[in-house]
Amino acid sequence: MKVNGTPYRTVWMEGSVVRMIDQRWLPHRFTIVDLDTVEATATAIRDMWVRGAGAIGATAGYAMAQATLLGSGEGWRDQVAAAAEQIRATRPTAQNLFFAVERVVAVIDRSADLKAAQAAASAEAQAIADEDAHACEQIGEAGAPLIADGARVLTHCNAGWLAFVDWGSALSPVYKAARAGRRVSVVADETRPRGQGAMLTAWELAGEGIGHAVIADNAAALLMERGEIDLVIVGSDRIAANGDVANKIGTLEKAICARHFNIPFYVAAPTSTIDWACPTGGEIPIEERDPDEVLTTWGTDAAGEIVRVRTANPTSTARNPAFDVTPAALIGGIITERGVVKPGELARVRR
Ligand code: MRU
C-alpha cells in the first residue's frame, strides 16, 4: 500500500539487514528502522515495533535468513538453532511466527553447507513474505462481496496492511470494496491497551481515504443496538483446527454482542494463521504482557514529542492478557485466500 504516494511493504530485507516500518511511532511519525542483528530483529518482534500475525511471521522468516547470512565458522548450525529459539520465544500467540520459523529452518536443515543455507533461507523467507502479501490480496477479493454499498463495518485491533506484509486481512475486503466503487465506512475499536485501532487502523484508513470513526472499546454494543453496524470483520493471530479463533483481547466480547444483535461476524486470515496441530481454542497460548501497558498510555505532548503517561491510580497493579478466543459457534465465516468457509469446514482450505 502507499504512504504519501510511495508503495511500501511493512517489512523487507536488504542484504543481511531487516528493514521495517517502525510501528511504535505511528500515527505520529512514519519511520523505517534497520535491524542489523538477529537480537535486534527479535527485540522488534517482542517489543511490538512490528505487530500483527502476518507481519510478525514475515519478520521471523527474515530473522532466520539473517541468522544464516550472519553465521560463520564451524558452529554456524548451532548459531542458527540458537536464533530459531530466540525468535520462537519472542511472542507466543501469533501462529505465523512459528509457521515462518519452521519453514525456514526446514530449508536450512536440508542445506549442505552455510553458503547453500544462506541462499535457501533467503529465498524461503522472501517466499513467505510474498505469499503473505498475495494471500491478503486474495482475502480482499474473497471478502469484498460481503460488503454491500453503504456498509458500516466494525473492526477490532489492527488487521490492516500494517499487520501483514501488504493489504491486510480484515481490512483487505474493505479496501477492495472501496476500490470497486462501493461506499464503505469503518468503525474502529480503539483497542486498549496498545491502541492498535485508534493508532494503526485509523492511520491506514485515513491514508486510503476510507471514512471511519474510532470508538472506545465499550461503545460497540450501543452502536450495534442502534443498527449502526452492518457487519463485523476481525483478524486472527491463531486459528485452531476446530475453527476457534484467537484475536486481540476484546474480540470475544464483540462476537457475543454481534450474536446478540444478529449482526454477521467474520474472521479474515490467511491459511498460514491456522494451527492444524491445535485442536481447539483452549490449547492456544495466550500472551500476558506487561501490566504497565494497561496502567499507562502513549501520545504526543504540546511540543509534538511522543510521551508515555501514567493514567491509572499510582499504587494499583493490572492484568494484561493480550488475546482472547472466540468460539467457532459465534463466527459466521472465515475469509481466507482460498475462499470464505464456515469455521466447522476449515479443512476445505487445507492443502
Ligand atoms: O499484539 P499485536 O499488535 O501484534 O496484535 C495482533 C493484531 O494485530 C491483532 O490481534 C489482529 O487483529 C490479528 S493479527 C493480524
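Just so it is clear, none of the values below were taken in a lab; they were calculated from the coordinates. Just so you know, these numbers come straight off a predicted model, no measurement behind them. Because the Cβ atoms are built from the backbone with ideal geometry, glycine has one as well, and the counts that use them run over all protein chains shown.
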query: If you check GLU124, GLU137, GLU141, which single one turns out to be of a type in the set (D, E, K, R), assigned to a helix (DSSP H, G or I) and within 16 Å of the ligand (Cβ to nearest atom)?
result: GLU137
- prompt: Scanning segment 168-211 for residues that are within 16 Å of the ligand (Cβ to nearest atom), without any contact (Cβ under 8 Å) to a residue 40 or more places away in the chain and over 23 Å from VAL11 (Cα atoms), which turns out farthest from the chain's Cα centre (by Cα)?
  reply: VAL186
- line: Taking segment 235-271 and keeping only residues that are assigned to a strand (DSSP E or B), farther than 17 Å from ILE139 by Cβ and more than 9 Å from the ligand (Cβ to nearest atom), one is left with ALA240
message: Quick check on segment 333-344. Is at least one of its residues under 30 Å from ALA133 (Cβ atoms), touching a Cys at 6+ places or on another chain (Cβ under 8 Å) and within 16 Å of the ligand (Cβ to nearest atom)?
response: yes
- request: Could you run through segment 272-296 and say how many residues are farther than 26 Å from PHE164 by Cβ and assigned to a strand (DSSP E or B)?
  value: 1
- prompt: Of all residues in segment 91-121, how many are more than 15 Å from the ligand (Cβ to nearest atom), within 21 Å of ILE239 (Cα to Cα) and of a type outside the set (D, E, K, R)?
  reply: 1
message: When the residues of segment 144-166 are narrowed to those that are among the aliphatic types (A, V, I, L, M) and within 15 Å of the ligand (Cβ to nearest atom), which ends up surrounded by the most Cβ atoms within 10 Å (Cβ to Cβ)?
response: ALA159
query: Within the bounds of segment 221-231, is there any residue that is in contact (Cβ under 8 Å) with a residue 60 or more places away in the chain and within 15 Å of the ligand (Cβ to nearest atom)?
result: no
task: Could you check, for segment 304-318, whether at least one of its residues is under 28 Å from LEU26 (Cα atoms), touching a residue at least 12 places away in the same chain (Cβ under 8 Å) and under 23 Å from the mean Cα position of the chain (by Cα)?
output: no
field: segment 297-332 - residue that is of a type in the set (A, V, I, L, M, F, W, C) and within 20 Å of ILE286 (Cβ to Cβ) and, of those, farthest from the ligand (Cβ to nearest atom)
entry: ALA329
query: Got a sec? Which of ARG88, ARG29, ARG9 is surrounded by 16 or more Cβ atoms within 10 Å (Cβ to Cβ), more than 14 Å from the ligand (Cβ to nearest atom) and closer than 23 Å to GLU208 by Cβ?
result: ARG9
